[in-house]
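Read the structure below first, then the notes.
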Amino acid sequence: MSKLTKTVLQRPVAALVIVVSLIIFGISSIAGMNLQLIPDMDMSVLLVMTVYPQAGPEDVERLVTEKIEDGCGTISGLDNTYSYSQENMSMVMFSFEYGTDMDDAFIDMQEAIERVKRELPDDAEDPTIIAMDMNAAPVMMLSVDAAEEGSDINVLGYVEDTVEPELKEVSSVAKMFTLVFSIER
């Protein structure tokens, strides 16, 4: 027989106390765990979006996107810059090194954008800075459709008057957005 087996057989009460304590501590630690489907994540990404109405992709690239990239390219902690220019819109994504204080980076970005605004075309709207936040991702998305085709039911009115107030009463709802798309059948 092994030494462990001999010890357990000689001291059954001590062995039983050890096993029961392991079970109790295991159950209490599992019960005390905070379970999350999506853990808190800090994304070190800032997105700058600018609308330039009535402009083609080449003009948006030359007159808006490049100016934003040049003006914001010297922010400390900046790792990579990705840009996308399309008709009427510029989108520039700034990726920062891991560990960068995003509050400071956001303030630096605002200051850089204020300097760049003077160089943008007069028709271009003010750039919007969006801090990417995984913790603010939607938890639930709902889609509502009229049941009968050709009916005169005001679906948007029903959602705004009935569904939204009910959802807003739930204490854990932080924000609610209503996005409407009209699809012709």
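Filtered by the rule that a residue be part of a helix (DSSP H, G or I) and surrounded by 15 or more Cβ atoms within 10 Å (Cβ to Cβ), the range 60-91 gives VAL60, GLU61, LEU63, VAL64, THR65, GLU66, LYS67, ILE68, GLU69, GLY71, CYS72. Does at least one position in the range 102-110 carry a residue that is more than 19 Å from ASP126 (Cβ to Cβ), of a type outside the set (Val, Ile, Thr), open to solvent by 100 Å² or more (accessible area, probe 1.4 Å) and over 19 Å from the mean Cα position of the chain (by Cα)? Taking every residue of the range 102-110 in turn, none turns out to be more than 19 Å from ASP126 (Cβ to Cβ), of a type outside the set (Val, Ile, Thr), open to solvent by 100 Å² or more (accessible area, probe 1.4 Å) and over 19 Å from the mean Cα position of the chain (by Cα).
Return yes or no: is VAL48 open to solvent by less than 80 Å² (accessible area, probe 1.4 Å) and part of a helix (DSSP H, G or I)?
Details: open to solvent by less than 80 Å² (accessible area, probe 1.4 Å): yes; part of a helix (DSSP H, G or I): no.
No.
Restricting the first member to the range 94-120 and to residues that are farther than 12 Å from LEU46 by Cα and at pLDDT 90 or above, and the second to residues that are of a type in the set (S, T, N, Q) and not in a loop (DSSP other than H, G, I, E, B), the beta-carbon pairs closer than 8 Å and six or more apart or on different chains are LEU120/THR50.
State the number of residues belonging to the range 141-159 that are modelled with pLDDT of 70 or more and open to solvent by 60 Å² or more (accessible area, probe 1.4 Å).
Of the residues in that region, 9 qualify.
In this structure, does THR81 turn out to be modelled with pLDDT of 90 or more, under 14 Å from VAL116 (Cα atoms), within 23 Å of the chain's Cα centre (by Cα) and β-branched (Val, Ile, Thr)? So THR81 does not fit the description; no. Residue pairs whose Cβ atoms lie under 8 Å apart, separated by 6 or more positions or on different chains, with the first residue in the range 10-25 and open to solvent by less than 100 Å² (accessible area, probe 1.4 Å) and the second assigned to a helix (DSSP H, G or I), are ALA15/THR7; ALA15/VAL8.
Summed over the range 92-133, the residues that are assigned to a helix (DSSP H, G or I) and not acidic (Asp, Glu) give a count of 11.
The values are calculated or read from the model by the stated rules, or taken from the named source; none is laboratory data. Owing to the predicted nature of the structure, the values given are computational and were not obtained by experimental measurement. Glycine gets a Cβ as well: all are built from the backbone with ideal geometry, and neighbour counts include every protein chain shown. Quick note on the areas: whole protein, heavy atoms, side chains included, nothing else; ligands and nucleic acids left out. Shrake-Rupley method; radii C 1.70, N 1.55, O 1.52, S 1.80 Å.
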